[in-house]
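Participant: For reference, the structure I am asking about is given below.
The values are calculated or read from the model by the stated rules, or taken from the named source; none is laboratory data. Source: prediction; values computed, not measured. A quick note on method: Cβ atoms are made from the backbone with ideal geometry, for glycine too, and the neighbour counts reach across all protein chains shown. Please note that ligands, DNA and RNA were not included when accessible areas were found on the heavy atoms of the full protein model with its side chains. Shrake-Rupley method; radii C 1.70, N 1.55, O 1.52, S 1.80 Å.
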Amino acid sequence: MDGEDVSEMEPLTAEAVSLIERRIEEEHGYLSWLNTSVDVVERGRMVLSIPFDPKLTNADGRTIHGGVAATLIDTAGGLAQRTAFEEPLSGDVATVNLNTNYLRPANGDLEAEATVVRSGGSIGVSEMSVTSTTENGSSEVVVGQGSFRLFR
């Protein structure tokens with residue numbers, strides 16, 4: 001199935017969306033510690049966010065460590081692939097390749113959006129971007145693309 005076919009699938013059930021939210025926000029140790037929120041779950045699209053926290057910054061105390069943004073795009077890209085499964089929490093997804101391009105420092109809340117480019121029988125590709133928002137506005141800080149092994 002490629003990304004165009006995802007839009008033809010039945011919408012996700014409220015139960016599936018709730019389960020994804022709970023697993024990320026409450027049950028996943030690392031993502032919960034980062035205070036990750038699931039903002040949007042749709043077929044072929046996922047939006048996650050992490051609020052600014054000084055414990056996530058580099059030594060300057062202002063710039064969020066790039067690994068936090070990389071975690072966010074990796075997670076959003078893989079979860080977006082799950083939404084292309086008939087049952088999103090059946091099977092599994094593993095990152096094969098993650099290309100992360102840092103555009104500028106992130107100094108505020110982070111929001112990652114991932115969309116499915118292709119979801120094949122065993123490999124899927126997602127495109128992701130991260131925006132950082134402060135009181136002075138928003139700017140795109142990271143763009144990336146990920147390839148994921150799909151275990152349907």
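Participant: Step through the residues of the stretch 119-131 one at a time and calculate ³J(HN,Hα) from phi using the Karplus curve (6.51 cos²θ - 1.76 cosθ + 1.60, θ = phi - 60°), rounding each to whole Hz and writing x for Gly and Pro.
Facilitator: Those phi angles translate into 10, x, x, 10, 10, x, 10, 10, 10, 9, 9, 10, 10 Hz.
Participant: Quick one: compute the contact order of the stretch 54-117, relative version, from alpha carbon pairs under 8 angstrom and 6+ residues apart, as a percent.
Facilitator: After rounding, I find 41 percent.
Participant: Next question, about the same structure. Contour minus end-to-end for residue 123 and residue 86, with contour as 0.36 nm per residue of separation and end-to-end as the Cα-Cα distance?
Facilitator: 11.8 nm
Participant: With r defined as the distance between the Cβ atoms of residue 37 and residue 9 and R0 fixed at 25 Å, what FRET efficiency is calculated, to the nearest 0.05?
Facilitator: On the way: r = 24 Å, r/R0 = 0.98.
Working from the Cβ atoms, E equals 0.55.
Participant: For the stretch 31-51 and the stretch 55-119, what is the separation of their C-alpha centers, rounded to whole Å?
Facilitator: If we compute the Cα centre of each part, the gap is 9 Å.
Participant: Here's a follow-up. Can you tell me, using C-alpha contacts under 8 Å and at least 6 residues apart, the relative contact order of the chain as a whole percent?
Facilitator: Answer for the chain is 24 percent.
Participant: Measuring with a 1.4 Å probe in the full set of protein chains, what accessible area per residue, in whole Å², belongs to the chain?
Facilitator: Result: 50 Å² per residue.
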